[in-house]
Amino acid sequence: MKMISRRDFLKASAVVGASAALTACGSSSSSTAASTAASTAASTNAAASGSANIGVCIYQFADNFMTLYRTDLDEYLKDMGYNVTIVDGKNDQNTQTEQINTFLQQGVDVLVINPVQTTSAQTIVDTISPSGTPIVFINREPAKEVLDSYPEKCCYVGADARQSGTYQGELILETETKGDLNGDGKVTYIMCKGDPENIDAQYRTEYSIKALTDAGMEVECLYEYLDNWDQTLAQQDVANALAQYGDQIEVVFCNNDAMAMGALQSIEQAGRTVGKDIYLVGVDALAEAVQAVIDGRLTGTVLNDDVNQATAAAEATKLYVEGQPVEQYYWVDYVKVTPENAANYL
Ligand code: BGC
């Protein structure tokens with residue numbers, strides 16, 4: 001049997017996924033004939049020249065998942081014939097705001113924005129809206145009121161983080177002991193959390209545990225660590241947790257794979273064995289995490305589908321450039337990654 005790479009596998013499903021995402025969302029189409037005509041006129045220049053200038057603001061280049069995402073996005077937008085400039089917000093909202101202002105001065109046709117602070121999304125929209133430049137928000141979901149404040153010109157492409165949290169809980173429920181390794185009738189865990197103001201971090205923290213309690217499991221949280229999506233911080237905190245709580249810890253939940261990889265280092269250094277005397281789950285399906293699932297060193301992870309999200313973001317950008325109607329939301333599904341299907345996601 002011929003093996004195909006993770007990217008090819010996701011790209012193959014991207015054709016279906018993206019078109020589904022771009023047509024299936026939104027019960028009410030947000031565009032009216034009048035506004036469509038207006039945005040068509042606004043983008044005539046770009047469309048007529050057969051190209052467009054796209055400015056992409058990433059919250060931080062030093063983020064493993066966003067590195068995958070921006071590489072895909074760069075490729076897809078360039079394949080569409082656009083001039084693409086991608087800038088690094090360096091995890092600093094002021095830096096990103098300056099970058100947005102520079103893009104506006106240059107007169108870009110569409111802005112794709114991964115905000116540093118989701119709470120700054122309204123200010124970002126207020127800065128951009130006088131120019132009429134359309135915005136595709138990605139990865140960090142702004143409040144609905146923010147999207148509503150710039151109708152027809154602003155959308156969000158993302159994944160519902162509740163689903164990823166639920167899948168993490170299910171990965172634990174699918175283990176032999178349902179997470180209760182010591183058989184004391186409850187699942188005792190620690191949680192490594194991402195950026196606390198990020199909805200992905202909040203929902204993954206909540207829904208992973210909800211999946212357990214919905215299934216009738218009793219749970220006990222020993223500690224929630226604020227590790228800001230960061231591998232090194234998680235490694236240190238999990239080392240400390242293992243020293244403090246020892247065998248009491250049955251499950252280590254991590255809001256993303258970077259933190260799960262940090263946790264894994266500390267777990268192995270402490271002489272514990274994933275799958276035997278502790279469970280560990282992440283989210284993203286980074287290559288090293290998928291390899292760890294295959295090798296039995298990670299209980300499971302959840303695919304955060306960069307390929308389909310980048311495809312949907314590029315498609316939404318194209319719709320704006322061409323002056324076609326754009327929905328307010330485009331959602332891409334997460335996928336549970338287990339030892340059985342992991343090879344597809346390498
Ligand atoms: C990913 C994290 C990433 C974050 C950036 C999340 O969806 O799972 O790995 O750090 O997005 O905003």
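Among the complete DSSP H segments of the chain, which ones combine at least 15 Å of alpha-carbon extent along their axis with a mean Kyte-Doolittle hydropathy of 0.0 or more? Before the final figure, lay out the partial values.
Details: long enough: 6-24 (25 Å, 0.55); 64-79 (23 Å, -0.86); 93-106 (20 Å, -1.36); 161-173 (18 Å, -0.36); 199-214 (21 Å, -0.68); 231-245 (20 Å, -0.27); 257-269 (18 Å, 0.18); 306-321 (22 Å, 0.04).
Result, helices passing both filters: 6-24, 257-269, 306-321.
Per residue, how large is the accessible surface of region 162-303? Use a 1.4 angstrom probe and give square angstrom. Mind dumping the intermediate values first?
Numbers: 5460 Å² over 142 residues.
So region 162-303 comes to 38 Å² accessible per residue, rounded to a whole number.
Does region 213-271 come out rounded, prolate or oblate by the C-alpha gyration tensor, with a ≥ b ≥ c the root eigenvalues, rounded set by a/c under 1.5 and, if not, prolate when a/b is larger than b/c and oblate if not? Spell out each step's value before the answer.
Working: a/c = 2.00, a/b = 1.36, b/c = 1.48.
In terms of gyration-tensor shape, oblate.
What does the charge add up to near D79, with Lys and Arg as +1, Asp and Glu as -1, over the other residues with Cβ less than 11 Å from its Cβ?
Numbers: positive: K78, K318; negative: D72, D74, E75.
That works out to -1.
Hand me the tally of lysine pairs in the chain: alpha carbons under 23 angstrom apart, and the pair either on different chains or 8 or more positions apart.
22
Taking amide H positions as placed in the peptide plane 1.01 Å from N, state which residues far from V112 in sequence (5 or more) or on other chains have amide H under 5 Å from it.
Hits under the 5 Å cutoff: G55, V56, C57, V136.
Of Y69, G169, T133, which is farthest along the charge dipole of region 49-179 in the positive direction, counting Lys and Arg as +1 and Asp and Glu as -1 at C-beta?
Final value for the positive-end residue is T133.
Relative contact order for the chain: what percent, with Cα pairs under 8 Å and sequence separation of 6 or more? Mind dumping the intermediate values first?
On the way: 707 pairs, mean separation 82.5, N = 346.
Relative contact order of the chain: 24 percent.
At R0 = 25 Å, how high is the FRET efficiency between E145 and K186 if r is their beta carbon distance? Nearest 0.05 is fine. Write out the running numbers ahead of the final one.
Details: r = 40 Å, r/R0 = 1.60.
That pair, E145 with K186, gives E of 0.05.
So how far apart, in nm, are the two label points at M80 and Q236 if each is 7 Å from Cα heading toward Cβ?
Computed distance between label sites M80 and Q236 equals 4.1 nm.
Quickly work out the A287-to-D8 label distance, labels modelled 7 Å from Cα along the C-beta direction, and quote it in nm with one decimal.
1.5
For a quick size check, give me the Cα extents of region 67-183 along its three principal axes, largest first, whole Å.
So the three principal-axis extents are 63, 33, 27 Å.
Of all the accessible heavy-atom surface of region 162-303, with the other protein chains kept in place and a 1.4 Å probe, what percent is carbon and sulfur? Could you put the intermediate results ahead of the total?
Working: 2380 of 5460 Å².
C and S atoms contribute 44 percent here.
Starting from 0.36 nm per residue, how many nanometres of slack lie between D277 and Q265 once their C-alpha separation is accounted for? Write down the numbers at each step before the final one.
Working: separation 12, 0.36 × 12 = 4.32 nm, distance 1.51 nm.
Answer, rounded to one decimal: 2.8 nm.
Per residue of the chain, what 222 nm ellipticity follows from adding -39500 (n - 2.57) for every DSSP H run with n ≥ 4, rounded to the nearest 500?
Details: 13 runs with 158 residues, N = 346.
That comes out to -14000 deg cm²/dmol.
When each pair of different Cα atoms in the chain is counted once in the 1/r mean, what is the Kirkwood radius in angstroms, to one decimal? Mind showing how you got there, number by number?
On the way: mean 1/r = 0.0478 Å⁻¹.
About 20.9 Å, per the Kirkwood formula over Cα pairs.
I'm checking a number: the convex hull volume of the Cα atoms of region 145-257, normalised per residue, in Å³. What is it?
Values: hull volume 12.8 nm³, N = 113.
Per-residue hull volume (Cα only) is 114 Å³.
The values are calculated or read from the model by the stated rules, or taken from the named source; none is laboratory data. Computed from a prediction, not measured in an experiment: that's the story for all the values here. Note that we place each Cβ from the backbone using ideal geometry, even for glycine, and neighbour counts take in every protein chain shown. Accessible surface is based on the protein model in full, side chains and every heavy atom, while ligands, DNA and RNA are left aside. Shrake-Rupley method; radii C 1.70, N 1.55, O 1.52, S 1.80 Å.
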